[in-house]
Ligand SMILES: [Zn+2]
């Protein structure tokens, strides 16, 4: 368990995923990232002393949710992140490695979840988007999703706003919102091109969990054979504890 300060304010206690959490993600890799994020934070994170719940996870700012997914990754799978990104010049796969602790988190000095701007003499009040907003626009095309998100977050709706006013509100939101700002500086070993690649922590972590599904099944099998525990009992273990038992029965590798 680790205690962290949320970039959007408040504190959280972050617990390792259990096998049950891992299994939920591994079983259905079509689950939208926003829903998977709510499920994992809602199961493994206490915010400001309250028991983990999906309701609370939905009320968190988008940047806080991303930050917590990074912390869940650290707590469950460790600090070191190995990833493969595509070279934008030649398309070659480039290996990158970095520590989760080094991922930059942008946090405004004073976090205000509400704000107001003046645009051409008109006051426009808004709030910062949360997980609930992310879930509400699931499945929409990007442009439509952005438009509806704005509509939900602007007082009185955004339908009456000009293009310029909308852009100004979005810019003001971005200045206020905490976020993970991760761009990897990559030099391609094939063509030598140097470029910055944006890295989506949430998508990466969910991908890791999905890939590990087969291994989880083998681990359940090994522990059930050795200890005669039920699948339920094995899945209730935090990952580190499960791995510790696997090491004892000599099946921890692979
Ligand atoms: Zn290249």
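The values are calculated or read from the model by the stated rules, or taken from the named source; none is laboratory data. Quick caveat: nothing in here was measured; it's all calculated off a predicted structure. Positions of Cβ are generated from backbone atoms using ideal geometry, with glycine treated the same way; all protein chains shown enter the neighbour counts.
Only one of the numbered conditions (1) within 14 Å of the ligand (Cβ to nearest atom); (2) surrounded by fewer than 14 Cβ atoms within 10 Å (Cβ to Cβ) is violated by residue 214, and that is (1). One residue stands out in the stretch 129-186 among those that are touching a helix residue (DSSP H, G or I) at 6+ places or on another chain (Cβ under 9 Å) and in a strand (DSSP E or B): the one that is farthest from residue 54 (Cα to Cα), namely 154.
Restricting attention to the stretch 5-23, the residues that are under 16 Å from the mean Cα position of the chain (by Cα) and either farther than 26 Å from residue 110 by Cα or touching a residue at least 40 places away in the same chain (Cβ under 8 Å) (or both) add up to 10. Filtering the stretch 22-61 to residues that are surrounded by fewer than 22 Cβ atoms within 10 Å (Cβ to Cβ), in contact with a strand residue (DSSP E or B) (Cβ under 9 Å, 6 or more places away or on another chain) and assigned to a helix (DSSP H, G or I) leaves 43, 56, 58, 59.
Hey, any hits in the stretch 194-213 for a residue that's touching a residue at least 40 places away in the same chain (Cβ under 8 Å), touching a helix residue (DSSP H, G or I) at 6+ places or on another chain (Cβ under 9 Å) and part of a loop (DSSP other than H, G, I, E, B)? For the stretch 194-213, residues touching a residue at least 40 places away in the same chain (Cβ under 8 Å), touching a helix residue (DSSP H, G or I) at 6+ places or on another chain (Cβ under 9 Å) and part of a loop (DSSP other than H, G, I, E, B): present. Against the criterion of being in a loop (DSSP other than H, G, I, E, B), more than 16 Å from the ligand (Cβ to nearest atom) and over 14 Å from residue 173 (Cα atoms), residue 109 qualifies. Pairs meeting the criteria (first residue in the stretch 177-193 and at positive phi, second residue within 16 Å of the ligand (Cβ to nearest atom), beta carbons under 9 Å, at least 6 apart or on different chains) are 192/89.
Among residues of the stretch 171-198 being away from the ligand (no atom under 16 Å from the Cβ) and surrounded by 16 or more Cβ atoms within 10 Å (Cβ to Cβ), the one that is modelled with the lowest pLDDT is 182.
Given (1) within 16 Å of the ligand (Cβ to nearest atom); (2) surrounded by 15 or more Cβ atoms within 10 Å (Cβ to Cβ); (3) closer than 27 Å to residue 174 by Cβ, where does residue 100 come up short, assuming only one miss? Condition (1) is where residue 100 drops out.
Take residue 17 and decide whether it is over 16 Å from residue 73 (Cα atoms) and either surrounded by fewer than 19 Cβ atoms within 10 Å (Cβ to Cβ) or touching a strand residue (DSSP E or B) at 6+ places or on another chain (Cβ under 9 Å) (or both). In short, no. Residues that are at pLDDT 90 or above, more than 16 Å from the ligand (Cβ to nearest atom), touching a strand residue (DSSP E or B) at 6+ places or on another chain (Cβ under 9 Å) and under 24 Å from residue 45 (Cβ atoms) are absent from the stretch 90-97 altogether.
All of 158, 123, 145 fail the test of being free of Cβ contacts under 8 Å to residues at least 12 places away in the same chain, more than 24 Å from residue 6 (Cβ to Cβ), surrounded by 11 or more Cβ atoms within 10 Å (Cβ to Cβ) and over 22 Å from the mean Cα position of the chain (by Cα), apart from 158. Scanning the stretch 87-106 for residues that are outside any loop (DSSP other than H, G, I, E, B) and without any contact (Cβ under 8 Å) to a residue 12 or more places away in the chain yields a total of 2.
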